[in-house]
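Worksheet: the structure to be examined is printed underneath.
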Amino acid sequence: MVDERIKFRHLQCFLAVAQHGSLQKAADVLAITQPAVSKTLKELEGLLAVRLFERGRKGAVTTREGEAFMRHAGASVSALREAVASVAQTRRQGSAVIAMGVLPTVAPWLMPQLLLRHDAAAEPGAHTSLRIETGSNPELLARLRRRELDLVIGRFAEPAHMVGLTFEHLYADPLVLAVRPGHPLLAEGALKGNPLAGLTSFTVILPMQGTAIRHTADGFFLTRGLAPPVRTIETLSVSIARGYALQSDAVWVSPLGAARPDLDSGLLKQLPASMEGTDELVGLTLRADMVPTEAQQQLIGSIRLLAAQRRGQAPAAV
């Protein structure tokens, strides 16, 4: 039975401290004093008859009971906020906004199709706007935890980055070696031999050092017995990488999703080399306490459908 003495301010204060790990930071965010935060937490712990935080030099760390309470408290606060937002939306006859984060290497093939489905599924009189932001995987996940984003389409992350989040596998994205049509490595003589033999003679476009996808790319060279490329361009910008690959003899080491539109159109060609072992898991990440709105559920359903179609498609080849 719910204790009716537990108020919204108790939950709001608890979640702020849990998120920031500090009573003072929570007080700053809530625009109240630290003693007020401390008093509110003491009231809540008294009502629950448990200790929710261990306080020390490193700040406030949730106890086991605090972790359990946080899942349900977060869901309750999110549901209430969404209910208030939906009422305000109806009153204004305005539009709901879904904020989504997507990796720049995933966006090229996914987002045009998703936006088309979003437009087709829109009901008369219903207006749901999308705010799409790109960035590195850790950055997007951090923004998701801070509730600045509603969902993220990205790669599976280290456990430390997944606290309070859930990951749903959508598809596996292998690396490809993409080059312009007429590239020397596509010449008949090169194709009859080992297409990788002359690879390191060209400039190679790689993901940035320190990223999971760069680790996979480095592993590809190592397992194929190839020397590290001498001339490299490091970037996570799809527009820079594709533009340079289209106008030069550079070899773009790219996730299939980033290069696929150009591979399908013939603007770029894929070197016929085995890319086994380069798959990266791409999935949908949500907050564990999220209660999706109807509009969010519809968008998530479209994402799952497109992912299912993607899993049934063979990679483009030369």
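For the residues M100, M111, what sequence is obtained by ranking on other C-beta atoms within 10 Å, fewest first?
Sorted ascending by nearby Cβ count, the order is M111, M100.
With the cut-off at 1.5 for a/c, could you classify the chain from its C-alpha gyration tensor as rounded, prolate or oblate? Taking the square roots of the gyration eigenvalues as a ≥ b ≥ c, the chain is prolate.
Number of Lys-Lys pairs in the chain under 19 Å by Cα, sequence gap 8 or more or different chains? Before the final figure, lay out each step's value.
Working: K7/K39; K7/K42; K25/K39; K25/K42; K25/K58; K192/K269.
So the count works out to 6.
When both bridge partners sit in the chain, DSSP labels roughly 60% of those beta bridges antiparallel.
Counting DSSP beta bridges in region 176-318, what percent are antiparallel, to the nearest 5?
Details: 5 of 10 bridges.
Within region 176-318, antiparallel bridges account for around 50 percent of the total.
If R0 is taken as 45 Å, the Cβ-Cβ distance between E65 and D249 corresponds to a FRET efficiency of 0.15. Across region 171-248, Cα-Cα pairs more than 21 Å apart make up 29 percent of the total. Residue order for I233, I303, fewest other beta carbons within 10 angstrom first, comes to I233, I303. Mind running the shape call on region 2-82? Use the C-alpha gyration tensor, a ≥ b ≥ c as the square roots of the eigenvalues: rounded below 1.5 for a/c, prolate if a/b tops b/c, oblate otherwise. Because its axes are fairly even, with a/c under 1.5, region 2-82 counts as rounded.
By the count of neighbouring beta-carbon atoms within 10 Å, fewest first, R57, R242, R231 end up ordered R57, R231, R242. Between the amide H of A60 and those of S22, L23, distances stay under 5 Å, these residues lying 5 or more places away or on another chain, with hydrogens modeled in the peptide plane. Within the listed set D279, D264, D173, the residue fluctuating most in the Gaussian network model of the chain (springs between alpha-carbon atoms under 10 angstrom) is D264. The HN-Hα couplings worked out from phi for region 53-63 by the Karplus form 6.51 cos²θ - 1.76 cosθ + 1.60 (θ = phi - 60°) are 9, 9, 9, x, 5, 8, x, 9, 10, 5, 7 Hz, whole numbers, x standing for Gly and Pro. Taking every alpha-carbon pair under 8 Å whose residues sit at least 6 apart, region 175-278 reaches a relative contact order of 47 percent.
Give the shape of region 122-275 as rounded, prolate or oblate, defined through the alpha-carbon gyration tensor: a ≥ b ≥ c are the square roots of its eigenvalues, a/c under 1.5 means rounded, and otherwise the shape is prolate if a/b is larger than b/c and oblate if not. It comes out prolate by the Cα gyration axes.
Coordinate-derived values only; no laboratory data. Keep in mind that this is a model prediction, so the values were computed, not measured. Quick reminder, even Gly has a Cβ in these numbers, built from the backbone with ideal geometry, and neighbours come from all protein chains shown.
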